[in-house]
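Some notes on the structure that comes next.
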Amino acid sequence: MTRLGWIRFGIVGGAIVLLELMCRFGVIGRRVLIPPSDMAVQLWNLLRSGRINNDLSETLLNVAASIALAVAVGFAVGSVIHALPRVRRAIEPFLASYYALPFFAFYPVFIVLFGIGRMPIIVIGFLFGVVAMVIATFNGFDRIPRALVRTARAYRMGPVETALKIKLPYAAPFLFTGVKLAVAYSFIGVIAAEFILASSGLGYSIAYAFNNFDNRTMYALMLLVIVLVTVVNALLHVGEARLMRRRGL
Amino acid sequence: MKSPHMRVVPADVHAQLAGVTRVYPAADGGPGVHALGPVDLSLRRGEFYAVIGPSGCGKSTLLDVLSGLSPPTTGEVVFEGKPVGRTVPDGIGIVFQEDASFPWLTVRDNIAFGLRQGGVDGAEIDRRTDYALAFMGLRDFARAYPPQLSGGMRQRVCIARTLVMQPRLILLDEPFGALDAQTRLIMGDELLRLWRETKATVMLITHALDEAAMLSDRIGVMSARPGLILAEIETGWSRDRDSTIASDPAFGAITSRLWSLLRAESIKAVGGSARS
Ligand SMILES: Nc1ncnc2c1ncn2[C@@H]1O[C@H](COP(=O)(O)OP(=O)(O)OP(=O)(O)O)[C@@H](O)[C@H]1O
Ligand SMILES: [Mg+2]
């Protein structure tokens, strides 16, 4: 690990130890927060008991579906609009202010449109992620050298083939930023939607534990969410670093 | 626009421009940039034709129009007896002035790209790719990625990628610009060898007088923008020439002829851009 890596490790480790001590010595009350070590033990027990298996797989499926949709639709829409500069100029302000919308205020609309169950949750996760992917596609495509597109024409490739075989691979490192954001936003969207719209899933289970004063389960599930997001991001980071190294970026 | 003399194309004419101009439209609907022409040009089948002219005179534009990459504003383009439309006809290979290597593919996959695209079978792809790697001196770099190569090597990857397609008309836009003088001479000889072997027609855009004088059968000399063909010079070299003709007295005569034609145009090109 690099020096900086050790420093970061120290910051996180130190914060956990500090929290643990404050909980153990009563600085923070039991009803507010349980010690991190208890969270870990409780999580371990929960996972072993199998009680949260369904909720966990449900949430992971919802997140995976929204990420896949956000990335695929975001790339497709982004590449089409990128080819239409006028349309792009017209809608760019909307995209830029998109994340200012408080989506969750509209949750009744989602229920009316998509019913309850899995659909509205995936749709919210998707809506959170898709615009980040569109914007990343614009950024990536803006960097494609003219000579590459002309090469595609010299090989008589059509617009779709050019997008998939030339533009997509060229822009991949820049699209990766969009994928990372789509992943983060989809997680946020899905878990938050499960709080208010669902009757299963991790978000729902956290809310349920909270409503039943079950602090230990609630914190264990929060820890699980943090671990999940951290692992997914670490994997993405490794993939991105590999892509960038090969391209000399 | 169809001019009457276009109807009869002699059998040995491979590609032809008749009354071709190109005006780049201005974004604000203004008069635009008149980049080229009117140009009349016939490439004979199997000849090595060089185009030389001052910077910004419309050489790359000429290549674009000839290959179907951009439409002429007026005039007509014909390749192998058929009018060239909005797509690049089969049989034309292009090497662009800018680096067009694919950074996400290895050198080998870069070279094989067009063949895979064209659905050539695997064994044949390997055979042609191996040959091109050796020919371009890239064998040791087959598994490298373009960002790991020098600019000159990347340009050789692009040349190889075009040559494996075995085009009947090869258009090269200053392909040796990124190379040092010695490598340029060697690459020039290799290009001549390839041209003899494949019997392809070659149009080479360059701004190096010696390169044009040494390699070509004919040289089209262009004026400052809007580019016109001021003169066409026959070199009279035999087909099995190579860079040693640089010591031939005729070589000196051709280069000084080229320079006397180009001197005034080059001053115009520089002065014009300094003023505007
Ligand atoms: N896409 C374009 N839009 C507008 N103007 C253009 C465009 N491409 C070229 N031009 C203009 O047309 C003129 C000729 O350009 P071109 O690239 O054909 O010159 P060139 O002879 O190839 O120059 P060089 O020797 O520097 O490569 C230049 O004045 C250039 O600014
Ligand atoms: Mg040029």
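The values are calculated or read from the model by the stated rules, or taken from the named source; none is laboratory data. Since we're looking at a predicted model, the values are computed, not measured. So basically every Cβ, Gly included, is an ideal-geometry build from the backbone, and we count neighbours across all protein chains shown.
Mind counting the residues in the range A:154-207 that are within 14 Å of another protein chain (Cβ to nearest Cβ) and in contact with a helix residue (DSSP H, G or I) (Cβ under 8 Å, 6 or more places away or on another chain)?
Going through the range A:154-207 one residue at a time, the tally reaches 16.
So which residues in the range A:228-249 are part of a helix (DSSP H, G or I), of a type outside the set (D, E, K, R) and more than 30 Å from A:D55 (Cβ to Cβ), if there are any at all?
Narrowing the range A:228-249 to residues part of a helix (DSSP H, G or I): A:228-246.
In the following step, the residues that additionally are of a type outside the set (D, E, K, R) were identified as A:228-239, A:241, A:243-244.
Selection gives A:A241, A:L243, A:M244.
Taking the range B:111-129, which residues are more than 20 Å from the chain's Cα centre (by Cα), more than 8 Å from every other protein chain (Cβ to nearest Cβ) and surrounded by 16 or more Cβ atoms within 10 Å (Cβ to Cβ)?
Across the range B:111-129, the qualifying residues are B:A112, B:L115, B:V120, B:I125, B:R128, B:T129.
Within the group B:A253, B:A264, which residue is in a helix (DSSP H, G or I) and either over 29 Å from B:T73 (Cα atoms) or touching a residue at least 60 places away in the same chain (Cβ under 8 Å) (or both)? Full working, then the answer.
On the way: B:A264 fails: either over 29 Å from B:T73 (Cα atoms) or touching a residue at least 60 places away in the same chain (Cβ under 8 Å) (or both).
From the options B:A253, B:A264, the qualifying one is B:A253.
Within the range B:38-55, take every residue that is within 11 Å of ligand 1 (Cβ to nearest atom) and assigned to a strand (DSSP E or B) and give me the one that is nearest to the other protein chains (Cβ to nearest Cβ).
Step one: of the range B:38-55, the residues within 11 Å of ligand 1 (Cβ to nearest atom) are B:51-55.
Then keep just the ones that are assigned to a strand (DSSP E or B); that gives B:51-52.
Details: B:V51: 18, B:I52: 22 Å.
Per the criteria, the residue is B:V51.
Name every residue in the range A:129-165 that is under 23 Å from A:R246 (Cα atoms), more than 27 Å from the chain's Cα centre (by Cα) and assigned to a helix (DSSP H, G or I), in order of residue number.
If the condition is that a residue be under 23 Å from A:R246 (Cα atoms), more than 27 Å from the chain's Cα centre (by Cα) and assigned to a helix (DSSP H, G or I), then A:R146, A:A147, A:L148, A:V149, A:T151, A:A152, A:T162 are the ones that fit.
Do any residues in the range B:60-88 that are within 13 Å of chain A (Cβ to nearest Cβ) and within 24 Å of B:H207 (Cα to Cα) have Cβ atoms under 7 Å from those of residues that are part of a strand (DSSP E or B) and away from ligand 1 (no atom under 16 Å from the Cβ), where the two are at least six apart or on different chains, and which pairs are they?
That search, which allows pairs on different chains as well, returns B:L66/B:A15; B:S67/B:I92.
Exactly one condition in (1) in contact with a helix residue (DSSP H, G or I) (Cβ under 9 Å, 6 or more places away or on another chain); (2) more than 14 Å from every other protein chain (Cβ to nearest Cβ); (3) of a type outside the set (F, W, Y); (4) farther than 17 Å from B:S60 by Cα is false for B:P167; which is it?
Condition (2) is where B:P167 drops out.
What do you reckon, is B:R139 on the phi < 0 side of the Ramachandran plot, away from ligand 2 (no atom under 16 Å from the Cβ) and buried (at least 16 other Cβ atoms within 10 Å of the Cβ)?
Details: on the phi < 0 side of the Ramachandran plot: yes; away from ligand 2 (no atom under 16 Å from the Cβ): yes; buried (at least 16 other Cβ atoms within 10 Å of the Cβ): no.
In short, no.
Of (1) in contact with an Asp or Glu (Cβ under 7 Å, 6 or more places away or on another chain); (2) surrounded by fewer than 18 Cβ atoms within 10 Å (Cβ to Cβ); (3) modelled with pLDDT under 85, B:A224 satisfies all except one. Which?
Evaluating B:A224 over (1) in contact with an Asp or Glu (Cβ under 7 Å, 6 or more places away or on another chain); (2) surrounded by fewer than 18 Cβ atoms within 10 Å (Cβ to Cβ); (3) modelled with pLDDT under 85 leaves (2) as the failure.
With the requirement that a residue be touching a residue at least 12 places away in the same chain (Cβ under 8 Å) and among the basic types (K, R), what does the range A:142-177 give you?
Within the range A:142-177, A:R143, A:K165, A:K167 qualify.
Of everything in the range B:159-177, what is within 16 Å of ligand 1 (Cβ to nearest atom) and aliphatic (A, V, I, L, M)? Give them in sequence order.
Going through the range B:159-177, the residues within 16 Å of ligand 1 (Cβ to nearest atom) turn out to be B:171-177.
B:L171, B:L172 - these are the residues of the range B:159-177 that are within 16 Å of ligand 1 (Cβ to nearest atom) and aliphatic (A, V, I, L, M).
In the range A:1-49, which residues are surrounded by 13 or more Cβ atoms within 10 Å (Cβ to Cβ) and small (G, A, S)?
Once the filter is applied, which keeps residues that are surrounded by 13 or more Cβ atoms within 10 Å (Cβ to Cβ) and small (G, A, S), the range A:1-49 yields A:S37, A:A40.
If a residue has to be among the hydrophobic types (A, V, I, L, M, F, W, C), part of a helix (DSSP H, G or I) and more than 13 Å from chain A (Cβ to nearest Cβ) to count, how many in the range B:139-162 make the cut? Steps first, answer last, please.
Initial filter on the range B:139-162 (among the hydrophobic types (A, V, I, L, M, F, W, C)): B:141-142, B:144, B:149, B:153, B:157-160.
Pick out the ones that are also part of a helix (DSSP H, G or I) and you get B:141, B:153, B:157-160.
Those left that are additionally more than 13 Å from chain A (Cβ to nearest Cβ): B:141, B:153, B:160.
The qualifying residues number 3.
So, of the residues in the range B:220-250 that are part of a helix (DSSP H, G or I) and of a type in the set (V, I, T), which turns out to be nearest to B:H34 (Cα to Cα)?
Residues of the range B:220-250 that are part of a helix (DSSP H, G or I), as a first pass: B:243-247, B:249-250.
After this cut, where a residue has to be of a type in the set (V, I, T) as well, the list is B:244-245.
Values: B:T244: 40, B:I245: 38 Å.
Out of the qualifying residues, it is B:I245.
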